[in-house]
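The values are calculated or read from the model by the stated rules, or taken from the named source; none is laboratory data. Only a predicted model underlies this, so the values are computations on that prediction, with no experimental measurement involved. Here the Cβ positions follow ideal geometry from the backbone for every residue, glycine too, while neighbour counts run over all protein chains shown.
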Amino acid sequence: MANGALLFQSIGYPLELWTPHLARLRPDLDVRTEDNPGRADEIHYCIAWKPKPGSLAALPALKVVFSMGAGVDAIVADATYPRHVPLSRVVDPTLSQSMTEYVVMNVLYWHRRMHDLQSLQRLRKWRQIASPRAEQVRVGILGFGVLGQAAATALKALNYRLSGWSQTPKQAPGVTTFHGSEGLEPFLRQADILVCLLPLTPGTHGILDARLFASLPPGACVINAARGGHLVEDDLIRALDKGHLRGATLDVFATEPLPETNPLWVHPKVVVTPHSAAATDPAAFMAHVARTITRVDEGLPPENLVDFARGY
Ligand code: NDP
Ligand code: OXD
């Protein structure tokens, strides 16, 4: 088979949101689904979100796997993933824009005391609450990559004092940068609002824990839009209940959907959103898939490749 087939695997979204875009761009492609995958050795491309462990290893002719998200933790966690097969993730301006909107909305929410104002409204209490000016508020971005840097640019335009923490050194105009384990503590000590945009890897799992919260200034707020595995939920609840942290916005959880019995749903200092900070745009994603398949057909490497040694 000249082109090989493309398989949608465990994508967790209705197929009809995605396939028409691909059909328009690459009508020649033989598109298969999990219900009817056909012969495994005909599949050259696979689109996956949370594939069942072992399912990608069972496709012997794979040329590229496309992650439907920017985060690839659910794919690289599969020890049987065939590491000679490139894994391409989502890096797209529409995703960066959505995440930026989410981060800006929540930074403003905690900075401008919207949570407290809403509580007062529920009590019909007319009370003004002063907030500092943006240039007095220090926003720290834990994970200063594609999404973190996009959010920082928008926050900078609002005059916030920005810092970013990454694995390797970075330079960004108007942003104080820190890196590596030695840079974490000084980064945390000056973050009034902490935004987590890290990938979930063995090195970042559980990073939002009691020790990290204790390093933040008293009254700090935390926004986690990365992965639930970054957060130790009980430690967050304790830091909020003790009053060391003022509030938290959580978009992602160790168990999704968040179980009804989880205390975070009703915690008075927590805002919960249902993993909706930034959704992959079907048209943009399929354009990336079609472009990459053309590149591979021309003998060029796929774009936005995951480094398996780093895990992101
Ligand atoms: P990137 O890979 O572009 O950025 C990740 C950043 O984290 C990089 O700056 C990297 O450092 C840093 N980092 C990774 N590991 C460490 C470590 N051990 N110590 C210090 N810094 C580290 O990812 P994106 O910005 O594209 O995405 C970030 C995450 O956002 C995704 O992995 C995903 O989990 C989450 N996400 C959530 C969404 C939602 O709707 N809630 C939507 C989309 C993404 P360096 O630059 O040096 O490599
Ligand atoms: C992603 C996500 O990783 O939506 O893109 O969580």
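If you go through the range 173-207 and keep only what is farther than 22 Å from A150 by Cα and not in a loop (DSSP other than H, G, I, E, B), you end up with S181, E182, E185, P186, R189. Might you let me know whether the range 95-102 holds any residue that is out of contact with any helix residue (DSSP H, G or I) (no Cβ under 7 Å at 6 or more places or on another chain) and over 30 Å from L142 (Cα atoms)? Checking the range 95-102: not a single residue is out of contact with any helix residue (DSSP H, G or I) (no Cβ under 7 Å at 6 or more places or on another chain) and over 30 Å from L142 (Cα atoms).
A single member of P60, P51, P86, P132 is out of contact with any Cys (no Cβ under 8 Å at 6 or more places or on another chain), more than 15 Å from ligand 1 (Cβ to nearest atom) and at pLDDT below 95, and it is P51. I'd like to check something: does the range 147-159 contain any residue that is over 23 Å from A278 (Cβ atoms) and either in a helix (DSSP H, G or I) or out of contact with any helix residue (DSSP H, G or I) (no Cβ under 8 Å at 6 or more places or on another chain) (or both)? Checking the range 147-159: not a single residue is over 23 Å from A278 (Cβ atoms) and either in a helix (DSSP H, G or I) or out of contact with any helix residue (DSSP H, G or I) (no Cβ under 8 Å at 6 or more places or on another chain) (or both).
Looking only at residues that are within 12 Å of ligand 1 (Cβ to nearest atom) and assigned to a loop (DSSP other than H, G, I, E, B) in the range 63-76, which one is surrounded by the fewest Cβ atoms within 10 Å (Cβ to Cβ)?
Our first condition is that a residue be within 12 Å of ligand 1 (Cβ to nearest atom); within the range 63-76, this holds for 67-76.
Next, only the ones that are assigned to a loop (DSSP other than H, G, I, E, B) stay: 68-72.
On the way: M68: 26, G69: 19, A70: 22, G71: 21, V72: 25.
Out of the qualifying residues, it is G69.
When P301 is tested against the conditions (1) surrounded by 14 or more Cβ atoms within 10 Å (Cβ to Cβ); (2) over 29 Å from L120 (Cβ atoms); (3) over 22 Å from the mean Cα position of the chain (by Cα), the lone failure is (1). Is there a residue being in a helix (DSSP H, G or I), among the acidic types (D, E) and either touching a Gly at 6+ places or on another chain (Cβ under 6 Å) or closer than 30 Å to S166 by Cβ (or both) anywhere in the range 111-123? No, the conditions are met nowhere in the range 111-123.
Which one is surrounded by the most Cβ atoms within 10 Å (Cβ to Cβ) among residues in the range 213-249 that are closer than 19 Å to P259 by Cβ and small (G, A, S)? That would be A248. Mind checking which residues of the range 266-286 are within 16 Å of ligand 2 (Cβ to nearest atom), touching a residue at least 40 places away in the same chain (Cβ under 8 Å) and either assigned to a helix (DSSP H, G or I) or surrounded by 16 or more Cβ atoms within 10 Å (Cβ to Cβ) (or both)? Passing the criteria: A277, A278, T280, D281, P282, A283, A284, F285, M286. Among the residues that make up the range 222-231, is at least one of them over 16 Å from the mean Cα position of the chain (by Cα) and closer than 14 Å to V195 by Cα? No, the range 222-231 has no match at all.
When the range 224-262 is filtered for residues that are among the hydrophobic types (A, V, I, L, M, F, W, C) and in contact with a helix residue (DSSP H, G or I) (Cβ under 8 Å, 6 or more places away or on another chain), the ones remaining, listed by number, are A225, V232, L236, I237, A239, L245, A248, L250, V252, F253, A254, L258. Among the residues of the range 192-209, is there at least one that is at pLDDT 95 or above and over 26 Å from V91 (Cα atoms)? Yes, the range 192-209 has at least one match.
Please tell me if T261 is in contact with a Gly (Cβ under 8 Å, 6 or more places away or on another chain), assigned to a loop (DSSP other than H, G, I, E, B), without any contact (Cβ under 8 Å) to a residue 40 or more places away in the chain and farther than 30 Å from P20 by Cα. Break it down into steps so the answer makes sense when it comes.
Numbers: in contact with a Gly (Cβ under 8 Å, 6 or more places away or on another chain): no; assigned to a loop (DSSP other than H, G, I, E, B): yes; without any contact (Cβ under 8 Å) to a residue 40 or more places away in the chain: yes; farther than 30 Å from P20 by Cα: yes.
No: the conditions fail for T261.
A residue that is within 16 Å of ligand 2 (Cβ to nearest atom), in contact (Cβ under 8 Å) with a residue 24 or more places away in the chain, within 24 Å of the chain's Cα centre (by Cα) and surrounded by fewer than 16 Cβ atoms within 10 Å (Cβ to Cβ) occurs somewhere in the range 82-91.
I'd like to check something: does the range 88-101 contain any residue that is assigned to a loop (DSSP other than H, G, I, E, B) and either over 23 Å from L300 (Cβ atoms) or not β-branched (V, I, T) (or both)? For the range 88-101, residues assigned to a loop (DSSP other than H, G, I, E, B) and either over 23 Å from L300 (Cβ atoms) or not β-branched (V, I, T) (or both): present. Applying the condition of being closer than 19 Å to N106 by Cβ and not aromatic (F, W, Y) to the range 255-265 and asking which residue is nearest to ligand 2 (Cβ to nearest atom) yields E256.
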